[in-house]
Amino acid sequence: MPMMRAGVHIVSAWACGLAMLFCSGAPGATPARPPADASRVIRLSSLEWPPYTGASLPRQGVTTAVIAAALASMGYRLEVQYFPWTRAIALIKHDSPFAGYYPEYLAAGLARDFLVSDPIGSGPLGFAYRADAPVQWETVADLSKYRIGVVEGYVNTSEFDTRVRQGKQMIDTAVNDKQNLRKLAARRVPLVLIDRRVYEHLILNDADLRAVAPTLRFHPRLLEEKRLYICFRSNAEGERVRKIVNQGLKRIDIEAVAAAALSAGAAN
């Protein structure tokens, strides 16, 4: 378990080890051990979104592991606090101790409100459906006859979200992915838009969903392979932290760090 202080989840020693292990080999890329100096701590907000992020996950999740390793390679330590998604975002728009939030998909207009990092990984976005009611689709327009379960506040894809705004795509919102999958199992929606790794983690590890897992499937056709990002405050401090993170990301092997974190999660 990562260290905790009053709800703050600290990612430190293991991140430095990962950074050393998966350093890209660039000149001058040997990571320094993150010091205890508070000025060398980066604070971010996030949500519970396993296996990418989560307070109780090994390494606090795949995406957290990548960010922590990048920061460790620059001599910084990561602290994360977890909130409902809309609050995690709102905290960066208002006065708070957090420099940014993650993980986010790119969307039109995002750069107007935030400074966006380089990619910190990616995830396969697609649809879950009931095994006894398969759905065939080729284009996003084919989905218009279905009411699709989505999570409130999530960015999806540009085309899908545009069709929703234009009234061309019916949706049914939920507070999180688990609630969406429960609605799917109860036949309240025929499709749920969800990251495949999140789907797989939930049906294997959530006690409520394991019971209905045999009735659910993930569609082989992806909507999109989505890159993940950190969004920072649109000010001088946000730009300072973004530069630190981006430089650190260049010093590590992102895929190797992510694979190690996934393996750690699978072993637990």
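Here is how the numbers come out for the structure above:
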read-out: Pairwise label distance in nanometres, ALA133 with SER56, each label 7 Å out on the Cα-Cβ vector; value: 3.0
read-out: The chain - mean residue ellipticity at 222 nm from DSSP helices (-39,500 (n - 2.57) per run, n ≥ 4, rounded to 500); value: -10000 deg cm²/dmol
read-out: Projected area, mean over directions - the range 40-94, Cα convex hull, nm²; value: 3.7
read-out: Dimensionless Rg over Rh [the range 140-218; C-alpha; Kirkwood]; value: 0.97
read-out: Gained length - MET170 relative to LEU204, 0.36 nm times residue gap less alpha-carbon distance; value: 9.4 nm
read-out: Selection of GluC sites (Glu not before Pro), the range 28-131, meeting DSSP coil and at most 15 other Cβ within 10 Å; value: none
read-out: Of LYS93/LYS243; LYS93/LYS250; LYS168/LYS243, pairs whose Cα-Cα distance is over 31 Å; value: LYS168/LYS243
read-out: Reach of LYS183 by Cα under 17 Å, taken over aspartates and glutamates that are not fewer than 8 positions away in the same chain; value: ASP132, GLU152, ASP172, ASP195, GLU200, ASP206, ASP208
read-out: At 1.002 mPa s and 20 °C, Stokes D of the range 182-265 from Kirkwood alpha-carbon radius, µm² per second; value: 132
read-out: More than 26 angstrom apart: percent of Cα pairs within the chain; value: 42
read-out: Calculated from backbone phi, Karplus (6.51, -1.76, 1.60) coupling profile of the range 216-224 in Hz, x at Gly/Pro; value: 10, 9, 10, 5, x, 8, 7, 6, 5
read-out: Most fluctuating residue given options SER117, SER234, SER73, as computed from a GNM of the chain linking Cα atoms under 10 Å; value: SER234
read-out: The range 66-139, Cα convex hull volume normalised per residue, Å³; value: 160
read-out: Euclidean distance between Cα centres, the range 92-127 to the range 180-257, Å; value: 13
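Every read-out reported here was derived from the displayed coordinates using simple, explicitly stated rules and does not represent laboratory data. Quantities reported herein were computed from a predicted structural model and do not represent experimental measurements. Cβ coordinates were reconstructed from backbone atoms using ideal geometry, including for glycine residues, and neighbour counts include every protein chain displayed.
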